[in-house]
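Below is one structure, written out as structure tokens, with a few remarks after it.
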Amino acid sequence: MADTSNGKTTFSSFRADKTAKICVLGHRGLVGSAIVRKLREIGFTNLLLRTHSELDLTRQNDVESFFAFEKPRFVILAAAKVGGIHANNTYPADFIAINLQIQTNVIDSSYRHGVQKLLFLGSSCIYPKFAPQPIPEHALLTGPLEPTNEWYAVAKIAGIKMCQAYRIQYGWDAISAMPTNLYGPNDNFHPENSHVLPALMRRFHEAKVNGAKEVVVWGTGSPLREFLHVDDLADAVVFLMESYSGLVHVNVGSGKEVTIKELAELVKEVVGFEGQLIWDSSKPDGTPRKLMDSSKLAELGWTPKVSLKDGLVDTYKWYVENVKQ
């Protein structure tokens, strides 16, 4: 509903005005594209989208001019420089500088040009390497980070703190959400630097197409991991924009763990690879367990809807139709 009692038109709800100008930054990535799909699905008609070539978020003057001219009512910041362990180790300066530039420019310009509400998206890597399991929000800054991605993590922590600082100093409605491991359409299926789920899917698919007899996977398969379909994250983002205005960042996870072995067997089944799965236990397993505590979000009234099996079927369909073989 619109409120004009103070001479200005304000809206009490994120969903109230489907013509509201919503800026989704990073709209071509895994997360941003899912948020755009969700917003369109529920009827929003005025989405403000810019590619990197149209708007370089690291350039302060360009971002300032964009916000001064467009004046969006809502901003969802899903744009970031991301990469795997190798990229983080090779380009630490890029990971800290580019992400800090993007966040600082967007958050500050959003506030200065009258954005009603902003949501900043981070990552579970913000938490200490040896955080308690499941990882609660209050574990932030309680111990050293995982060294292989600390540059990215420090930038994301700065983004959370910047949103908090603008809320404290200016009373501005900036919130942060920290998703767990995500997967789905528009994921990165690169042979060398993709994450475990898309990497398994690609390997099983290629083995099936090539008629291979076996697929070898590193480790014992015993580590536990949590996965959330990106459409569930998009749904949670809409829910938080509608229902949450707090200082503390909010974890967004499925709350369900699977072993890497269970995941591999499920991906193998979904892909339809009929050969043998071999575990190379001479290779490292990585962290034994990494689970987010998403009870805060559950208490607010949101729970995920997409099962891992259904999500894998959906993702594999997208992979076959969209990834160049």
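The values are calculated or read from the model by the stated rules, or taken from the named source; none is laboratory data. This structure is a prediction, so every number in the text was calculated from the model and none was measured. Cβ atoms come from the backbone with ideal geometry, glycine included; neighbour counts cover every protein chain shown.
Within the range 132-154, the set of residues being surrounded by 14 or more Cβ atoms within 10 Å (Cβ to Cβ), part of a loop (DSSP other than H, G, I, E, B) and aliphatic (A, V, I, L, M) comprises 140, 145. Within the set 122, 159, the sole residue that is touching a Lys or Arg at 6+ places or on another chain (Cβ under 6 Å) and either under 27 Å from residue 190 (Cβ atoms) or β-branched (Val, Ile, Thr) (or both) turns out to be 122. In the range 51-60, the count of residues that are free of Cβ contacts under 8 Å to residues at least 60 places away in the same chain, assigned to a helix (DSSP H, G or I) and of a type in the set (A, V, I, L, M) is zero. For residue 299, the test of being exposed (fewer than 12 other Cβ atoms within 10 Å of the Cβ), free of Cβ contacts under 8 Å to residues at least 40 places away in the same chain and either more than 24 Å from residue 212 (Cα to Cα) or touching a Cys at 6+ places or on another chain (Cβ under 9 Å) (or both) is passed. Got at least one residue in the range 248-265 being buried (at least 18 other Cβ atoms within 10 Å of the Cβ), of a type in the set (S, T, N, Q), touching a Cys at 6+ places or on another chain (Cβ under 6 Å) and closer than 28 Å to residue 81 by Cβ? No, the conditions are met nowhere in the range 248-265.
Going by what's in this entry, would residue 83 be described as of a type outside the set (Asp, Glu) and in contact with a strand residue (DSSP E or B) (Cβ under 7 Å, 6 or more places away or on another chain)? Judged against the criteria, residue 83 is not a match. Per the conditions (1) at pLDDT 95 or above; (2) out of contact with any Cys (no Cβ under 6 Å at 6 or more places or on another chain); (3) not polar (S, T, N, Q), the sole criterion not satisfied by residue 153 is (2). Does residue 157 count as buried (at least 18 other Cβ atoms within 10 Å of the Cβ), part of a strand (DSSP E or B) and not aromatic (Phe, Trp, Tyr)? Here the answer is no, as residue 157 does not meet what is asked. Of (1) outside any strand (DSSP E or B); (2) touching a His at 6+ places or on another chain (Cβ under 9 Å); (3) crowded, with 20+ Cβ neighbours inside 10 Å; (4) not hydrophobic (A, V, I, L, M, F, W, C), residue 176 satisfies all except one. Which? Only one criterion is unmet by residue 176, namely (1).
Can you pull out every residue in the range 104-131 that is under 18 Å from the mean Cα position of the chain (by Cα) and either modelled with pLDDT of 95 or more or not in a helix (DSSP H, G or I) (or both)? Across the range 104-131, the qualifying residues are 106, 107, 118, 119, 120, 121, 122, 123, 126, 127.
Yes/no matrix, rows are residues, columns are (1) touching a strand residue (DSSP E or B) at 6+ places or on another chain (Cβ under 8 Å); (2) closer than 22 Å to residue 125 by Cα; (3) at pLDDT below 95; (4) among the basic types (Lys, Arg):
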{"site": "191", "(1), (2), (3), (4)": "no, no, yes, no"}
{"site": "196", "(1), (2), (3), (4)": "yes, yes, yes, no"}
{"site": "207", "(1), (2), (3), (4)": "yes, no, no, no"}
{"site": "212", "(1), (2), (3), (4)": "no, no, no, no"}
{"site": "215", "(1), (2), (3), (4)": "yes, no, no, no"}
{"site": "230", "(1), (2), (3), (4)": "yes, yes, no, no"}
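Among residues of the range 266-282 that are without any contact (Cβ under 8 Å) to a residue 40 or more places away in the chain and farther than 11 Å from residue 216 by Cα, those with a beta-carbon under 9 Å from a residue that is charged (D, E, K, R) and surrounded by fewer than 18 Cβ atoms within 10 Å (Cβ to Cβ) at least six positions away or on a different chain give the pairs 269/309.
Among what's in the range 267-308 and is over 20 Å from the mean Cα position of the chain (by Cα) and assigned to a helix (DSSP H, G or I), pick the residue that is nearest to residue 123 (Cα to Cα). Going through the qualifying residues, I end up with 299. Remark: residue 107 falls outside the filter, which requires a residue to be touching a helix residue (DSSP H, G or I) at 6+ places or on another chain (Cβ under 7 Å), farther than 14 Å from residue 163 by Cα, in contact (Cβ under 8 Å) with a residue 12 or more places away in the chain and of a type in the set (Val, Ile, Thr). The residues listed here are 68, 80, 87, 97; of these, the one that is closer than 26 Å to residue 34 by Cβ and assigned to a helix (DSSP H, G or I) is 87.
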